[in-house]
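The values are calculated or read from the model by the stated rules, or taken from the named source; none is laboratory data. Note that the coordinates shown come from a computational prediction; the quantities given were computed from them, not determined experimentally. Cβ coordinates were reconstructed from backbone atoms using ideal geometry, including for glycine residues, and neighbour counts include every protein chain displayed. What goes into the accessible areas is simple: the full protein's heavy atoms, side chains included, and nothing from ligands, DNA or RNA. Shrake-Rupley method; radii C 1.70, N 1.55, O 1.52, S 1.80 Å.
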Protein chains: 2
Amino acid sequence: MAALTGSLQNAPPTGRPRVVIVGGGFAGLNAAKGLAHLPVDVTLVDRSNHYTFQPLLYQVALAVLSPADIAQPIRTILRHQPNAQVLMDQVTGINVAARQVSLASGARLDYDYLVLATGATHSYFGNDQWEPLAPGLKTIEDAVEIRRRVLLAFELAERQMVEQGWHPPLNFVVIGGGPTGVELAGAISDIAQLYMRHDFRHIDPATSRVLLLDGGPRILAAYPPDLSANAEATLKRLGVEVHTGAQVTAVGPGWVQAHTQSGDLRIEAAVTLWAAGVLASPLGKLLGVPLDRRGCVIVDGQLNPPGQPEIFVLGDLAHFEQDGHQVPGVAQPAMQMGDHVAKMLAADLRGKPRPAFRYFDKGDMATIGRMAAVADVKWPFKAHMKGFPAWFTWLTVHIFFLIGFRNRLSVLASWMWTYFTFTRGARLITGDQTLPGWKEQTEVGRQAASEETGSKAIK
Amino acid sequence: MAALTGSLQNAPPTGRPRVVIVGGGFAGLNAAKGLAHLPVDVTLVDRSNHYTFQPLLYQVALAVLSPADIAQPIRTILRHQPNAQVLMDQVTGINVAARQVSLASGARLDYDYLVLATGATHSYFGNDQWEPLAPGLKTIEDAVEIRRRVLLAFELAERQMVEQGWHPPLNFVVIGGGPTGVELAGAISDIAQLYMRHDFRHIDPATSRVLLLDGGPRILAAYPPDLSANAEATLKRLGVEVHTGAQVTAVGPGWVQAHTQSGDLRIEAAVTLWAAGVLASPLGKLLGVPLDRRGCVIVDGQLNPPGQPEIFVLGDLAHFEQDGHQVPGVAQPAMQMGDHVAKMLAADLRGKPRPAFRYFDKGDMATIGRMAAVADVKWPFKAHMKGFPAWFTWLTVHIFFLIGFRNRLSVLASWMWTYFTFTRGARLITGDQTLPGWKEQTEVGRQAASEETGSKAIK
């Protein structure tokens, strides 16, 4: 590819330090915004044009919200920040010695400071062939794909009832009992029981099963045990079957196999979703520095990899230890790390030593379907909240953090409408109208049905 | 394929006539709703799960509205109608003698009455290879694809400015000067001039060109000449270059060629959109009855093809003549035809003769960008409206016709926000991040840029 070295446009002759930020998530965007009033030139590079409010992605996946409710173009967010420019491109290489990143388009960008905040992706633990069968939830595209599969499963079951009087089990299998898995399982159960009940004539959506599989001894393993137990009880009340100690050994079209204490379990699955493994973005590898087993860059108290004070690694891509524990890959530390970059660069510009980063943990929360949640609150008071109060706190915090005033109002309106009327217009199936495994199931189903009725299936 | 003849489920033994409606657009949905209080069993078959309010599709394409603002699941619309069921499937064959339709899933549906309302699709006049290069606008998927291309063109131009100080012409070429073409051209010009001005640092979106090509002597050929002239003048004021008498002879990746009176025109095009030809849905062919040259089924005064009183063909798929003119393929006649089906079946059930269909034309309107439109009003008074009054009428009528109260409010809120703040959150680029022809343009551009600056491009 061509590279126009010597004619780069990202360094107008201002003489100011050039900060290149890679990744427009919580960490990268907070870093960019924090630098607004420092005499630096910021270039934010992201391969997508939008920032995504990831904690609400599952609501897009389950057709409560529209993509535009929780995502916004990065350049719109930074439009009033004159020292920042946005570049939709992908970083393919980092030349640490020359302080230069190469881009997929073939060009290169010089930097004085490099901020890497490209986050994490799904890990299938070496079984990448499972990915098309069991999509994970990290991007708007993922959310739309999951929505497509869930809604399509209901449509196909209805069609099979009308056309052949029989449909394969309408099972939804969620693999992984962390916050995302719990939120997905709770929300699918809500959709099946509340919203879909009115729309289908032949299937009874209440007969669909939602299964949550986790390899460990309890779901929400990062939460205190009493909240784990409460979450499991709430899910069970919603009709979700929680299987802990279930190690998934195989994923196929229309089925999942898991190893449990009581033997091997084979579950027919109309839709399988993946919320189990997390792997750091591959960008960390380009630095040539020590990584942990998930590919996260091990950083020091100033968020630098060893010996590279001009490079900062933030958010899910960073392995940062505090008080002997690794800080988790969630929104709060990512945002705080982003904020901290500006403090460190301000110190540099004044010739002062950089302050050390310290993660201030306000707590964690996870919703469990409609109007229930668990919250491990650590600030401004300590509490283990459950049920409706936890959910109300979750609602308040999330509306507050959504970027953009209009979005906040619009999301609130959508929620109120959904919660009080059980109806919603975002249940659109777009794109491909087939489901992996459904063809096989359909043929099996047809044979089974014809054997029952005594009529013959002609292939 | 298997076919479970003899075990069909769409005919519960009610003894009531079975009405199969194919297509859930204006015509099909109005037919279904009209039959709500008649003693018939309705099955509506559509290959998509949602009804789309087509007149506002261009606003989804240009990122003003979200898909969920203008589309709704068909089964949600019909959820309170006990005599109607919805089937997401595709009709692949019609056995007129046996009164049976075959479905893509392999099953068959018996009918006593068949209503065909599958509408129309794009025609590339035998040049189907142009389709990926110049998408048309008929579905939500089309709209999202057009949005992706238009927004991506701005992103790529910005990137090229940053990376190489040069970008190929940011031309948007709309082929076809009917209402859709005029609306797309006006809306792109709006986006470029108003909304994008604030978001980009390097390209000047105002330097982008919007070209509207039409083969005929004037745009909006179906409207009175004074409104055509007004629309052309309004478009020109918005900066749109209108080329009438321009026959497109070739479409390539990144360019369009047209034959005009003053010779051949070759236009570089970052994005090319197709709003020229319309072809009836292929379903008409399955009937084995006379079609017109666009594939529409020629129907009589009762909307039947010759000799088939149990089959009704509605909307864009029907060729219906009134007072020596063919009724146009737009929303109003489709809705009225849908309504008329119920009147005819009610007559059948009472043993009376069917009333003849008569199209009552209230007029036509087309918007031209923000706050301007032309309207050929025929009812309740006759008038040629232009500019803001026409646009305000358009707004009122469209909000009124949008199905679903929440959607109406939400759309109104989106519009007000967009029109008064010039900002909007729906500008998301999802899916593939490449543009046809851009690679070629990029390489040409890079060479041109390096020749200008004297630096060398290394391949």
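In region B:109-122, the condition of being of a type in the set (Phe, Trp, Tyr), within 14 Å of another protein chain (Cβ to nearest Cβ) and over 20 Å from the mean Cα position of the chain (by Cα) is met by at least one residue.
Scanning region A:376-385 for residues that are touching a residue at least 40 places away in the same chain (Cβ under 8 Å) and open to solvent by less than 80 Å² (accessible area, probe 1.4 Å) returns a single hit, A:Asp376.
Here B:Ala153 meets each of (1) open to solvent by less than 20 Å² (accessible area, probe 1.4 Å); (2) within 14 Å of chain A (Cβ to nearest Cβ); (3) closer than 25 Å to B:Leu279 by Cβ; (4) in contact (Cβ under 8 Å) with a residue 60 or more places away in the chain with one exception, condition (3).
Residues being β-branched (Val, Ile, Thr) and closer than 30 Å to B:Ala347 by Cα: count how many of those fall in region B:39-78.
Within region B:39-78, residues that are β-branched (Val, Ile, Thr) and closer than 30 Å to B:Ala347 by Cα number 7.
When every residue of region B:323-343 is checked against the conditions, none turns out to be within 22 Å of the chain's Cα centre (by Cα), in a strand (DSSP E or B) and crowded, with 18+ Cβ neighbours inside 10 Å. Beta carbons closer than 6 Å, at least 6 apart along the sequence or on distinct chains, pair a first residue in region A:330-351 that is farther than 13 Å from A:Val115 by Cβ with a second that is buried (at least 18 other Cβ atoms within 10 Å of the Cβ) and β-branched (Val, Ile, Thr) for A:Pro333/A:Val327.
Has region B:186-197 got any residue that is assigned to a loop (DSSP other than H, G, I, E, B), of a type outside the set (A, V, I, L, M), open to solvent by less than 40 Å² (accessible area, probe 1.4 Å) and touching a strand residue (DSSP E or B) at 6+ places or on another chain (Cβ under 9 Å)? Scanning region B:186-197 turns up no residue that is assigned to a loop (DSSP other than H, G, I, E, B), of a type outside the set (A, V, I, L, M), open to solvent by less than 40 Å² (accessible area, probe 1.4 Å) and touching a strand residue (DSSP E or B) at 6+ places or on another chain (Cβ under 9 Å). Residue check: is B:Ile146 within 14 Å of another protein chain (Cβ to nearest Cβ), open to solvent by less than 10 Å² (accessible area, probe 1.4 Å) and in contact with a strand residue (DSSP E or B) (Cβ under 7 Å, 6 or more places away or on another chain)? Against the criterion (within 14 Å of another protein chain (Cβ to nearest Cβ), open to solvent by less than 10 Å² (accessible area, probe 1.4 Å) and in contact with a strand residue (DSSP E or B) (Cβ under 7 Å, 6 or more places away or on another chain)), B:Ile146 qualifies.
Scanning region B:15-26 for residues that are small (Gly, Ala, Ser) and either at positive phi or open to solvent by less than 10 Å² (accessible area, probe 1.4 Å) (or both) yields B:Gly15, B:Gly23, B:Gly24. Taking region A:185-216 as the range and being of a type outside the set (Gly, Ala, Ser) and away from chain B (no Cβ under 14 Å) as the test, the residues that pass are A:Ile188, A:Asp190, A:Gln193, A:Asp204, A:Thr207, A:Arg209, A:Val210, A:Leu211, A:Leu212, A:Leu213, A:Asp214. The sole residue among A:Asp89, A:Asp69 that is closer than 23 Å to A:Ala318 by Cβ, modelled with pLDDT under 95 and facing chain B (nearest Cβ under 8 Å) is A:Asp89. Taken over region B:215-235, the criterion of being open to solvent by 20 Å² or more (accessible area, probe 1.4 Å), touching a residue at least 40 places away in the same chain (Cβ under 8 Å) and within 19 Å of B:Phe172 (Cβ to Cβ) is satisfied by B:Gly215 alone.
The lone criterion from (1) over 30 Å from B:Gly239 (Cα atoms); (2) open to solvent by 30 Å² or more (accessible area, probe 1.4 Å) left unmet by B:Leu303 is number (2).
Only residues that are within 12 Å of another protein chain (Cβ to nearest Cβ) and touching a helix residue (DSSP H, G or I) at 6+ places or on another chain (Cβ under 9 Å): list them for region A:16-44, please. Across region A:16-44, the qualifying residues are A:Val42, A:Thr43, A:Leu44.
Which of the following residues is surrounded by fewer than 24 Cβ atoms within 10 Å (Cβ to Cβ) and away from chain A (no Cβ under 14 Å): B:Gly178, B:Gly165?
Numbers: B:Gly165 fails: away from chain A (no Cβ under 14 Å).
Among B:Gly178, B:Gly165, only B:Gly178 is surrounded by fewer than 24 Cβ atoms within 10 Å (Cβ to Cβ) and away from chain A (no Cβ under 14 Å).
If the requirement is being among the basic types (Lys, Arg) and closer than 23 Å to A:Thr52 by Cα, which of these qualifies: A:Lys362, A:Lys285, A:Lys378? Don't jump to the end; show me each part of the working.
Numbers: A:Lys285 fails: closer than 23 Å to A:Thr52 by Cα; A:Lys378 fails: closer than 23 Å to A:Thr52 by Cα.
Exactly one residue qualifies, and that residue is A:Lys362.
Just to confirm my filter: which strands (runs of 3 or more DSSP E) fall fully inside region B:44-108 and include at least 3 residues that are over 26 Å from the mean Cα position of the chain (by Cα) and not basic (Lys, Arg)? Let's see the steps before the verdict.
Numbers: elements: B:50-52, B:71-73, B:84-88, B:91-95, B:100-103.
The qualifying strands (runs of 3 or more DSSP E) are B:100-103.
The single condition from (1) in contact with a Phe, Trp or Tyr (Cβ under 7 Å, 6 or more places away or on another chain); (2) outside any loop (DSSP other than H, G, I, E, B) that B:Ala346 fails is (1).
If the condition is being open to solvent by 30 Å² or more (accessible area, probe 1.4 Å), without any contact (Cβ under 8 Å) to a residue 40 or more places away in the chain and in a loop (DSSP other than H, G, I, E, B), then region B:281-291 contributes only B:Pro290.
Sort through A:Leu103, A:Leu78, A:Leu56 and tell me the only one that's surrounded by fewer than 24 Cβ atoms within 10 Å (Cβ to Cβ), more than 8 Å from chain B (Cβ to nearest Cβ) and more than 23 Å from A:Ala185 (Cα to Cα). Working first, answer last.
Details: A:Leu103 fails: more than 8 Å from chain B (Cβ to nearest Cβ); A:Leu56 fails: more than 23 Å from A:Ala185 (Cα to Cα).
Just a single option satisfies the conditions, and that option is A:Leu78.
Return yes or no: is A:Arg201 open to solvent by 40 Å² or more (accessible area, probe 1.4 Å) and either free of Cβ contacts under 8 Å to residues at least 40 places away in the same chain or within 27 Å of A:Tyr124 (Cα to Cα) (or both)? Spelling it out, it is not the case that A:Arg201 is open to solvent by 40 Å² or more (accessible area, probe 1.4 Å) and either free of Cβ contacts under 8 Å to residues at least 40 places away in the same chain or within 27 Å of A:Tyr124 (Cα to Cα) (or both).
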